[in-house]
Each structure stands twice: as C-alpha cells, then as structure tokens.
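These notes are about the structure you will find just below.
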Amino acid sequence: MTAGNPTLPRRAAPAPDRTWMLVLIFLVTSALLLVSHNNDLLGNLGGLGTVLHNPIVEAVVVSLFLANVLFAYLWRAAPWAKALVGLGSLLLVLPWAGQEDTSLLDLSIQIMIFAALALGLNIVVGLAGLLDLGYVAFFAVGAYTWGIFASPRFSEVLRYYGQNPGATNAGTLALGLFLTAVTAASMIAIRRRVARPTRASTWSFALASLGLVVGLILTGRALLVLNAFRAQGLATGLDANFFWLFLALSVLAAAVVGVLIGLPVLRLKGDYLAIITLGLGEVIRVLANNLGLYTAGSQGITPIKSAAVPWFDRLAGALGFQPDQYYLLFLYVVVLVMIALILTVNIRLDRSRIGRAWIAIRDDEVAAQAMGVPLVQTKLIAFATGASFAGVMGMIFAAKQTFISPESFNLFQSIGVLSMVILGGMGSFPGVILGAAVVTLLNLRILPGLGEATANIPWIPQQVNPGQLQRLVFGVILVASMLLRPEGLLPNRRRTLELHQDEDQEDDSVLGHGPALTAAGGSDVYSPGLAPEKEDERAGGVQ
C-alpha cells in the first residue's frame, strides 16, 4: 500500500532480471546482426561465417533483432532499458548494419512503409469496420503525384501541351480557379447547413463535386499549357527541393481521391462495399496503365528523384556511408519520422470523439445513427484519413524505388496490407505494425531465403522446392495463424472480448443458481417474452 493512501495498491516495479535480460538480448542480437552483414568479417570466421552467411540464418538473425523493438514494448522493464533498446535498435544498430549491407536499409524502409499503410487501413477496417479492398489505389495516387513531376515524364507532358494547346489560355485558368473555389465553398456550405441529408441536398452535393473535378481539370490543363515553354529546362523534372511541398500535396491528393471514391459507395456495407472498393481500386490501376501521356503506361516512370539535402549528405559521409547510400539513409530517417507522426495521429484519433464514433459504427450502424452519429460524414473522414497516410507513403515509395509502374499497385498489394491488419490484430496499433513486419519479412527475406538455401539440395524435387511454393507456404502460415490466434498477434482488448465472448459464458447450474443450459438439464430454456407452451406456465420459461 502507498503511504499517502492506504487503499491504493502500489504499482508493480519492473523486475530487474527482465531489465537486464532485455539489454542482454539486445546486445547479443545486435552483435549477430552486425557480424552477419559484414562480408570481410565473415570471411575470417571460417565455418561460423559460412553458417551466418546462409540465407535462412541471416533471415532469422534479422527477425530476432527486429524482435527487440517488440520486447521493449511488451516487457515490464526499466524505462531506461526500453528506451535504450528501442532507440538503439532503430537509430544506431540498423543504420550501422545497413552501412555494410544496403539491402538491410532497403528492407527496413519497406517494413516501415507497409507499417504506415497498415495503420491507415486499420482506421478504415479496424476502427470504422469498412472492408476496403482497393486501398492500394491511394498508395498509387501518392506515388504518381511525385513520380510524374519529379521525372522526365513532366517534360514530356509540357512538350505535348505546348504542341497541342487547343483553346486553353489565361481565361481558361481564371475559369478553372473560379469554378474550383465556388464548388468547394458550396460543398462545405451544404455539409454545414444540412443536418439530415435529403434527396435535394444529396444531388446538390454530387453536382458540386462534379464541378470541383471539372474546375481542377481546367486549372491543371491551363497551367500545363501556360508553362509549356519550360519543357526544355525541366528535362529531368522539377527540382528535388520540391520534395517537401509534394509531401503535403500527396496527402491532399490521396485524401481528395478518398473522398471522391467514398461518396458514391459508403451507403453500402459488408460484402457490397468490399466488391465496389475492389473495382474502384482496379479502375485506378487501369487508368495508370492507359494514361500513357502522364504515366508512361506499362513502361513505368523512371528515374524519379529524391530530396536533395546537402547537410545530411555531408553528415552521412562523415559517418562512413557511401554516396550511393545517402538517399536510402535519408529516406530511412524520413520514414521513421513519418511513422512516429502517423502513430501519434492514430492514437489521438482513437481517443477522440471521432474515434469513438468509428467504433460505434463498426459495432452497430443502426445504434450509432440512433445516437446521432452522421454515418456518411464519419465514414468519409475514415476513408480520407486512411487515404492520406497511403498517399504520403506512396510518394516515399516512388522516391525509394526511383521507378513505378501500374504493376506495383495491383489487387494483391491491397490484400497484402489487409492481411497485415488482420494478422496483427484489427484495431490494435502495435498489432498492425507487428503484422506489417511479419508479412514483409516473410515475403522479402524468410521465404526467399528458404528457397535459396534449399535450391541445390538434391533430395528435394524442384516441383516441391520452397522457392517455387512461396505463396503456398505463406497461405498456410496465414491460415494456421488465424486458426490458432483469430484475434491477431497483438489484439486490443475489445477485439479479444468480441471473439471469445462465448468462451466467457458460465453455466450457473454448476453453482446451483439455475437449470443446466443443455438438454440434459431437465427443461428447455426460453427467451423472455416468448409465449409459454403450457397454460399454467409463466411467460419466458420461468417455472
């Protein structure tokens, strides 16, 4: 008991053995990671170096090292130890090991990109309960927003409009800006003044949305025609310093597309919503494939610039990184900061009024609407928020890959991100991050490493080699995980109670408080309010 208030229990202090165990595991796995990714050192270790160089062993070492961050989150250890392990893993050991093996930095960026995507989809699926199978469309919007302008494709577009200006001039630009401003203001006014949507208000809002799209198209075309003379000077795209501006623009563009996609479909729910979002996601991919002038079609856009930060390049050089590693280290830091911001926004939204409204809609739409929750507006906020996270990650993905094509944004990417959310635990922020890490490691390191290590074993036929059956092995792992842990690897408490509600029901007959809930108990149990079967029997089955 505490000295000031004897009725309050004292909080359990962290166990010293767990604290030192956490630090010891961190030191051992860090040493293994650094050794296994240093080719010069592996060559001097003989047989041990050969074992550590094995693809399976290397994948296991990377997985064990990344588990340090999970242990730091889960274990009850001293705060200094948790901070040392978490920050040391992400800010010191991973970049240090990535200096020797650039693929490790690339893998870390991929994990964090998919973690941010999973956090965005978790808002739509985990909190609001909207099954979205076209989520990768917003990822594509962010990628193409930067990819078109930061590559030679932008010069091609300007050259085309310089040769085919049509009737576009400064008057068209003024008309487009006016139409955009008026329709945007009309949409805001309709939403604010109409408490309960009517047929007239719905049609007015749809007409204003169409006018907004037309205004944006007119404005964009006029700007392209009026700046066509700059095509020669923009042969490699916009200056890389526009990267920071386009971070905000990618968020805005993806959010707008999320609202435009959500407006016509969010009156649907369940399987119907899943089917139509799947179709709309494929529409975005097909548009990227067919709009050859802007996206170069199936050939893709390349090369795509990354941000130019001279002082960061000098710092990276002083730390021993090679010039071709500067941009990867920079993007690693940017993604780490974005993950921190996205996670903070998620936590704040979850604890806010809108977060409670999302959960209410997920649990029961009718009850939520009866309590005054505006369904369409609340769902649109969920769609736009999740889309904005995907948009900014799409832009970073384009800068990292320096190449994008429509094949990077197919249906399987949406299903992959959805599997991360479900595997980690819907509605759980640390859970979906863990799910993203597990699925990405399986797809990029563990299963390819297993296939590479078993490729030359003579007694394993090529037809059943794990390298040829990676999708099958991945599917079996997902099925087994869902059977053994249906609530996810790190579920939130609400989701756990929902899935295990039947297991928590107790039979009062064991305590002598009522008849057994089985046929052998001696009588049937009726729900209250049902008519009795016999004339002398009370309603509801009460004897």
Practice item. Would you tally the residues in the range 27-49 being at pLDDT below 80, in a helix (DSSP H, G or I) and polar (S, T, N, Q)? Key: 1
Review point. If residue 260 satisfies every condition in (1) closer than 25 Å to residue 399 by Cα; (2) touching a residue at least 12 places away in the same chain (Cβ under 8 Å) but one, which is the exception?
Key: (1)
Exercise for review: Could you please find all residues in the range 147-172 being of a type in the set (Phe, Trp, Tyr) and open to solvent by 50 Å² or more (accessible area, probe 1.4 Å)?
Suggested key: 149, 160
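Only residues that are open to solvent by less than 80 Å² (accessible area, probe 1.4 Å) and closer than 12 Å to residue 309 by Cα: list them for the range 240-252, please.
Scanning the range 240-252 gives 240, 243.
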Practice item. For the range 265-311, enumerate the residues that are surrounded by fewer than 16 Cβ atoms within 10 Å (Cβ to Cβ), assigned to a helix (DSSP H, G or I) and either of a type outside the set (S, T, N, Q) or modelled with pLDDT under 85 (or both). Key: 271, 272, 275, 279, 283, 286, 287, 292, 293, 297, 310, 311
Point to revise | Within the range 365-411, tally of residues that are open to solvent by 30 Å² or more (accessible area, probe 1.4 Å), of a type in the set (Gly, Ala, Ser) and part of a helix (DSSP H, G or I) | key: 2
Practice item. Output the number of residues of the range 222-248 satisfying the condition of being touching a residue at least 24 places away in the same chain (Cβ under 8 Å), under 23 Å from residue 389 (Cα atoms) and of a type in the set (Gly, Ala, Ser). Key: 1
Study note, to complete from the structure: So, first residue over 16 Å from residue 138 (Cβ atoms) in the range 267-291, second residue among the polar types (S, T, N, Q) and part of a helix (DSSP H, G or I), Cβ within less than 8 Å, six or more apart or across chains; the pairs are 289/295; 289/298
Practice item. Give the residue, chosen from 426, 420, that is touching a residue at least 40 places away in the same chain (Cβ under 8 Å) and outside any helix (DSSP H, G or I). Key: 426
Exercise for review: Out of 449, 424, report the one residue that is under 30 Å from residue 105 (Cα atoms) and either within 21 Å of the chain's Cα centre (by Cα) or at pLDDT 90 or above (or both).
Suggested key: 424
Revision key, fill the gap. Picked from the range 323-364 (must be of a type outside the set (Ser, Thr, Tyr) and assigned to a loop (DSSP other than H, G, I, E, B)), the residue least open to solvent (accessible area, probe 1.4 Å) is 364
Check your understanding: Within the range 263-299, which residues are out of contact with any Ser or Thr (no Cβ under 9 Å at 6 or more places or on another chain) and not aliphatic (A, V, I, L, M)?
Key -> 264, 267, 269, 270, 271, 272, 279, 282, 285, 290, 294
Review point. Do any helices (runs of 4 or more DSSP H) entirely within the range 114-220 hold 2 or more residues that are closer than 27 Å to residue 266 by Cβ and modelled with pLDDT of 90 or more, and if so, which?
Key: 136-149
Review point. Looking at the range 226-258, which of its residues are farther than 19 Å from residue 143 by Cβ and modelled with pLDDT under 85?
Key: 226, 227, 228, 229, 230, 231, 232, 233, 234, 235
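Could you please find all residues in the range 53-103 being aromatic (Phe, Trp, Tyr), closer than 19 Å to residue 489 by Cα and either in contact with a Pro (Cβ under 6 Å, 6 or more places away or on another chain) or part of a helix (DSSP H, G or I) (or both)?
Across the range 53-103, the qualifying residues are 65, 71, 73.
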Check your understanding: Filtering the range 173-200 down to residues that are open to solvent by 90 Å² or more (accessible area, probe 1.4 Å) and hydrophobic (A, V, I, L, M, F, W, C), which residue is farthest from the chain's Cα centre (by Cα)?
Key -> 175
Check your understanding: Among the residues of the range 339-346, is there at least one that is under 23 Å from the mean Cα position of the chain (by Cα) and at pLDDT below 90?
Key -> no
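The values are calculated or read from the model by the stated rules, or taken from the named source; none is laboratory data. Predicted model, so just to flag it, every value in this text is computed and none were measured. Neighbour counts run over all protein chains shown; Cβ positions are idealised from the backbone, glycine included. All accessible areas refer to the heavy atoms of the entire protein, side chains included, with ligands and DNA or RNA removed. Shrake-Rupley method; radii C 1.70, N 1.55, O 1.52, S 1.80 Å.
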